[in-house]
1. For q values of 0.08, 0.10, 0.11 Å⁻¹, compute log₁₀ I(q)/I(0) with the Debye formula on a Cα-only model of the chain, without solvent.
2. Can you list the aspartates and glutamates whose alpha carbon is less than 20 Å from that of LYS213, not counting same-chain residues fewer than 8 positions off?
3. Name the long-range amide H neighbours of GLY113: under 5 Å, sequence gap of 5 or more, or other chain; modelled H, no Pro or chain starts.
4. Starting from the amide H of VAL467, placed 1.01 Å from N in the peptide plane, find each other amide H under 5 Å away whose residue is 5 or more places distant or on another chain.
5. Skipping prolines and chain starts, which residues have an amide H placed within reach, meaning under 5 Å, of the one on ALA479, given they are 5 or more residues away or on another chain?
6. Below 10 angstrom from the Cβ of PHE57, what's the summed charge of the other residues (Lys, Arg +1; Asp, Glu -1)?
7. Report ³J(HN,Hα) in whole Hz for each residue of region 407-420, in order, from the Karplus equation J = 6.51 cos²θ - 1.76 cosθ + 1.60 where θ = phi - 60°; Gly and Pro get x.
8. Compute the helix-to-body angle for 375-391: its Cα long axis versus the longest principal axis of the chain, expressed 0 to 90° and rounded to tens.
Amino acid sequence: MVTLSGCATVGQRTAVSRPPKLVVAIAVDQFSADLFDEYQPRFTGGLARLARRGTLFHNGYQAHAATETCPGHSTILTGDHPAHTGIVANNFYDPAGKRWPAAVYCAEDEDRGTAANYVVSPRHLKVPVLGERMKRLWPESRSVAIAGKDRAAVMMGGHTPDIRWYYRDGRFQTDLDAKPDDDVMAANAKLKALVASHAPPLLVPADCLARAKGVATAPKGPTVGAGRFEHDPSEQLFRASPALDEAVLNLAGDEIDRDQLGRHASPDLLAISLSATDYVGHAFGTEGQEMCIQLHRLDAILGAFLDGLDRRGIDYALVLTADHGGTDIPERLSDGKRYGFPSGAIGEAIKAQLGLKANPLVGGGDVYLDPALDPATRDRVVALALAAYRADPNVAAVFTRAELAAYPIPTGDPVNWRLEDRARASFDAKVSGDLTVLLKRHVVPIPKPAVGYVATHGSAWDNDRRVPILFYRPRARAAERRDDIMTVDIMPTLAAWLGLPVEGAIDGHCVAGAAGAVCPGR
């Protein structure tokens, strides 16, 4: 066996033995494994390269039920399910807090802001991310997070990043005590011009032309499916286009150079979240021409980003996954249905029946009871609510706080998890609701679609849970695997790449053989 540049030769490929100098973790928001499998034969850029030269897991799982942006991102670099990260939803309620009955955002410090003008913070994230673990062993290690959403940057950057930038209100901002450098100022100037302009339509790849079929969303919603992103100037519609992802990756490249990531004595971490696929999915659904254009463009700009890493000569390793999947518009699904969470109507009926002063139920999937209820009335409300939810033909299951608290955290193959297992992986007794309501598959909780919001995710079903996971190291052996792993397995696998001991109990496990990963004790 001949050793070459720290790598052991294996046929025409090699097994990488030395730790990388830079770990890059990329999350693509609302990128289901269904979408990846559908488009994989047509990818020619970065996604094709990662799939063909890396270790591709078709069956990765955001195993929990609350398949939203904040919970999903919280699993990727912590190794923990939302039940342990404390991030159970994008928004939750605190019956004992001063904000009640208004919601609390997952990535805010509610003591320093308002619901309308929140202060971004990692306050609610209970566990460390990979970057924090790296700093404990290597204090000089740099941790950088760049994202299209603040909550994504917070959940991947954690409590002690050196740099954190996210797109918000038309520009890149940070919650850290930092002033925009020249690269960020230039990026913001370009973003301002792009948002203000009437951009020409993007070129439509040939295989997207067949998807150019307009579908009207009911009742009286927008027609989607045949768009080319020809929109009037609008920050909202700018986000739902490939331009947002390109801006994020360009800024990430600039920060690699400015902060000299991958060129220090200690290894560095760059966490990136690309949000445009999620905005496109919400605005147009997952199976129209818009998503086709978005995924082709994502493939191309990821290819350019990887080429840039190679040109810099950095010894890097990379993982790409998603925070959740997505559901297409019901109008294109044979079994799809538009529907609203029934909490409002059920609560109003209970209010009238018991002669209460206010609706006793707040929330949708996580349902919270009015804290002013006395114990006896509270029990009656729970009994009536359970009966009403369980009688609703669109509800798959409903669990009480006590029921979920009694379940153990699930382990084993996530494919075999029952609904209560999936709900338990999302349940934190301190922040979750008094009731957890799961809708049936393809029941979309958007009764009245609007521009920018015709489809969604967040269900306990595999269209939202199953995501691709791709591990990549240049020169490492390629593999395509069908075994089931979870996003909580990513952090311990990256730690194995780095030779970083993982202290304390976590939900995930190192995945042996992922782009050369050698797991401790194996």
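Please treat every number below as a calculation from the coordinates, not as lab data. These numbers were taken from a predicted model, which means no experiment stands behind them. Ideal geometry is used to build each Cβ from the backbone, glycine not excepted, and the neighbour counts take in all protein chains shown.
1. -0.49, -0.78, -0.94
2. GLU38, GLU230, GLU287, GLU290, ASP328, GLU331, ASP335
3. The list, which skips near neighbours in sequence, is VAL119.
4. HN-HN under 5 Å from VAL467: ALA33, GLY60, TYR61, GLN62.
5. The list, which skips near neighbours in sequence, is GLY54, THR55, LEU56.
6. -2
7. Along region 407-420, the couplings run 7, x, 4, x, 9, x, 4, x, 4, 8, 5, 6, 4, 5 Hz.
8. The answer is roughly 70 degrees.
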